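The values are calculated or read from the model by the stated rules, or taken from the named source; none is laboratory data. The model shown is predicted, which means the values in this text are computed figures rather than measured ones. When we count neighbours, we look across all protein chains shown, and the Cβ atoms used for this are built from the backbone with ideal geometry, even at glycine. Ligands, DNA and RNA are excluded from the accessible area calculation, which covers all protein heavy atoms including side chains. Shrake-Rupley method; radii C 1.70, N 1.55, O 1.52, S 1.80 Å.
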Amino acid sequence: MSDGSIDLAKDARAQAYATPLDQIDVSNPELFRTDTHWPYFERLRKEAPVHYCEDSLFGAYWSVTKYKDIMEVDTTHQVFSSEAHLGGITLRDFDEDFVLPMFIAMDPPKHDIQRKTVSPIVSPDHLAKLEGTIRERVGMIFDALPRGETFDWVDRVSIELTTQMLATLFDFPWEERRKLTRWSDVATAVEGSGIIETEEQRRAELLECLDYFTVLWNERVNKEPGNDLISMLAHGEATRNMEPMEYLGNVILLIVGGNDTTRNSITGGLLALNQNPDQYAKLRADPGLITSMVPEIIRWQTPLAHMRRTALADYELGGKTIRKGDKVAMWYVSGNRDEEAIENPNAFIIDRPRPRQHLSFGFGIHRCVGNRLAELQLKIVWEEALKRFPVIEVVGEPRRVYSSFVKGYETLPVSIPA
Ligand code: HEM
């Protein structure tokens, strides 16, 4: 790490402890872009584990930062709603005049029925079938990487790989697969982030996505159901009569769900290994550790920093009363560093005894549908990487995403020694 980033971390710590508690706002995307959110969460866990912020970019909200409290909120869906019309699942409310219904932002019973429709895509049988395809494609991407020169790992590997996986899941026209990357970025971008300039632009691009996917739906609805997500939605009892915006919503959910998250785990893993050379050496000595390293990467990275709920009734948590209608953020990024739940949580340890004990996939009825697929993909990435490259060196600082929802990287310069 350069001296600059050490100074930044020091300043952030001083600032985090000097700010009056009631003025701490961990939703500020700048804290994530600069990777300086850690001391703020550390302080909240210690001094105000259930914390109210009155004023932020996203209005007033509660922060829940301890592992056990996050579990409580996530599993009490009768009180903590995900419904889109109440605002949805990120601190940034859904736009009232452009609501995209999707099952992650629904409560039972509708949520449960729609989730069941697409679940076969990640059945153990289907995953076993996908494994060979993913392995072959990972191999091709790795074999085409340059040696002895600097390139961007995010673009050449993480984005390309996850985009290919998504194209496979949707059976999407192969040559046009980068459209999926673009729609995923557009769906989650904050205005002025460099990805979109205005809300109008976002809507226009998402409507193009709907047009494109409608053509694919129409092609598949009258054919024998294929083993892809579009066929599953077009033929599913609960989904075949969806309104266009609901189709778009679920498509976006599946694109974003599978894309940013896995992409940032692939990048985060490489960064973590470079920041912890002893762990990289341990991995090279025993590639069998990939099995426990993969969940450790997902914990360490926490690709979605928070999920949001809206209280349907007053609720006591950690000695505070959350009022009906309040917004609540479950900060997975903080729960995953809670020393009361995870031993030595700030360390990246690839052979932890219980590595799947983390919050990155959430809990309860919305627990990530794609969690086994994401783990499979990361396992293959590292198996194929170790076969080919003794080391992949990070040669500069990553550029991080300006968002307090998607926690990830825009670029990471690396080099593979010739
Ligand atoms: C490391 C990778 C991934 C991470 C960290 C991740 C994280 C999450 C989280 C935090 C949730 C919400 C949990 C909650 O509210 O309790 C979620 C839900 C979801 N994820 Fe993932 N995800 C990943 C990969 C994937 C993949 C590969 C897919 C695609 C196939 C996917 C599809 C979904 C879907 C459809 C939901 C909504 C589930 C529901 O509402 O019932 N995710 N994910």
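Key figures for this structure:
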{"quantity": "Charge dipole (segment 244-364, unit charges on Cβ, about Cα centre) - positive-most of M245, G335, I349", "calculated": "M245"}
{"quantity": "Calculated from backbone phi, Karplus (6.51, -1.76, 1.60) coupling profile of segment 322-338 in Hz, x at Gly/Pro", "calculated": "7, 8, 3, x, 6, 8, 10, 9, 8, 8, 4, 4, 8, x, 6, 10, 7"}
{"quantity": "Tally of Lys pairs whose C-alpha atoms are under 26 Å apart, taken over segment 273-418, 8 or more apart or cross-chain", "calculated": "5"}
{"quantity": "Equivalent-ellipsoid semi-axes of segment 137-194, from the Cα gyration tensor, Å, largest first", "calculated": "22, 18, 7"}
{"quantity": "Percentage relative contact order, the chain, counting C-alpha pairs under 8 Å, at least six apart", "calculated": "25"}
{"quantity": "Computed [θ] at 222 nm, helices only, for the chain once each DSSP H run of length n ≥ 4 contributes -39500 (n - 2.57)", "calculated": "-15000 deg cm²/dmol"}
{"quantity": "Check: the chain dipole with +1 on Lys, Arg Cβ and -1 on Asp, Glu Cβ, in debye", "calculated": "1120"}
{"quantity": "Nearest-20 debye value, segment 284-418 charge dipole, Cβ charges on Lys, Arg, Asp, Glu", "calculated": "480"}
{"quantity": "Convex hull projection area averaged over all views, segment 213-360, Cα basis, nm²", "calculated": "13.0"}
{"quantity": "When segment 38-119 is reduced to its Cα atoms, the Kirkwood hydrodynamic radius in Å", "calculated": "14.5"}
{"quantity": "Amide H partners (placed H, <5 Å) of Y409, local residues excluded", "calculated": "V401"}
{"quantity": "Surface share of carbon and sulfur [accessible, 1.4 angstrom probe, percent] for the chain", "calculated": "52"}
{"quantity": "Semi-axis lengths, Å, the chain, gyration tensor of Cα atoms, sqrt of 5 times eigenvalues", "calculated": "30, 30, 20"}
{"quantity": "For segment 210-250, convex hull volume per residue from C-alpha positions, Å³", "calculated": "62"}
{"quantity": "Volume in Å³ per residue [convex hull over Cα atoms, computed for segment 36-86]", "calculated": "104"}
{"quantity": "Note, ³J(HN,Hα) from phi for segment 355-370, Karplus 6.51, -1.76, 1.60, rounded to Hz, x at Gly and Pro", "calculated": "x, 7, 7, 8, 9, 4, 9, x, 8, x, 5, 9, 3, 3, 5, x"}
{"quantity": "Computed E for Y52/R182 - FRET, C-beta separation, R0 45 angstrom, nearest 0.05", "calculated": "0.75"}
{"quantity": "Electrostatic dipole magnitude of segment 146-285 [Cβ: Lys, Arg +1; Asp, Glu -1; Cα centre; debye, to 20]", "calculated": "620"}
{"quantity": "Cα-based equivalent ellipsoid of segment 100-153: semi-axis lengths in Å, sorted from largest, via gyration tensor", "calculated": "37, 18, 6"}
{"quantity": "Dipole-positive endmost among L130, T117, I104 within segment 74-145 (Cβ charges, Cα centre)", "calculated": "L130"}
{"quantity": "From phi via Karplus (6.51, -1.76, 1.60), per-residue ³J(HN,Hα) for segment 198-209 in Hz, x at Gly/Pro", "calculated": "9, 5, 4, 4, 4, 4, 4, 5, 5, 5, 5, 4"}
{"quantity": "Coarse-grained scattering of segment 39-187 at q = 0.13, 0.14, 0.15 Å⁻¹, given as base-10 log I(q)/I(0) from a Debye sum over alpha-carbon atoms", "calculated": "-0.95, -1.03, -1.10"}
{"quantity": "Segment 151-208, accessible area per residue, ligands and nucleic acids excluded (1.4 Å, Å²)", "calculated": "40"}
{"quantity": "Stokes-Einstein D in µm²/s, Kirkwood radius over Cα pairs - segment 214-300 at 20 °C with 1.002 mPa s viscosity", "calculated": "135"}
